[in-house]
Amino acid sequence: MVPIEHLSEQLLNCPVVEVASEWIDYNGHMNMAYYNVAFDQYGTDYLLDQLGLGLDYVRQTNGSTFTLEQHVTYLRELKLGDPILITCQLLDYDSKRLHCFLNMYHANAGFLAATSEQLLMHVDLNIRRSSVLPAAAIDKLSTMMRRHQELTKPPQAGHVIGIQRK
């Protein structure tokens, strides 16, 4: 367990949100689909806003990002009203893509509840094809990458799914 107050200041820390009632399933905990919603709306969207690639960018340029691949690991249950904090670490980027890793923590108890590894691609919505990221976003990614290169790669990054045999 990593106490929230000890999270690296190098990480992008998204605003804390609470588990909503519509996210709770018949097992009395947060449904797996809503982990994806939270990672998307409160993690990835926050990252894109910080890079100048959020909703305003989409409306003004008709450029956006699409998720090419995502791997989620579910580690601990979250329940109604639990506060969650999502952090984001940039693992890599190039002229069109970015590879990021998000951690979802219980903001009070400090435990890691889930992780999401994502590969995003910049897209020109006019032709619906990949396109080069704007220079301003590349500059921000470069700055972020310098900070995040010093961080340890998360153990779940690059994880391959399968049944582990002994």
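General remarks:
- The single residue among Leu120, Leu151, Leu91 that is at pLDDT below 90, in contact with a strand residue (DSSP E or B) (Cβ under 8 Å, 6 or more places away or on another chain) and either among the hydroxyl-bearing types (Ser, Thr, Tyr) or farther than 22 Å from Asp25 by Cβ (or both) turns out to be Leu151.
- Scope the range 127-143; condition touching a residue at least 60 places away in the same chain (Cβ under 8 Å) and of a type in the set (D, E, K, R); matching residues: Lys140
The values are calculated or read from the model by the stated rules, or taken from the named source; none is laboratory data. Computed from a predicted structure; not experimentally measured. With ideal geometry, Cβ positions are generated from the backbone for all residues, glycine too; neighbour counts draw on all protein chains shown.
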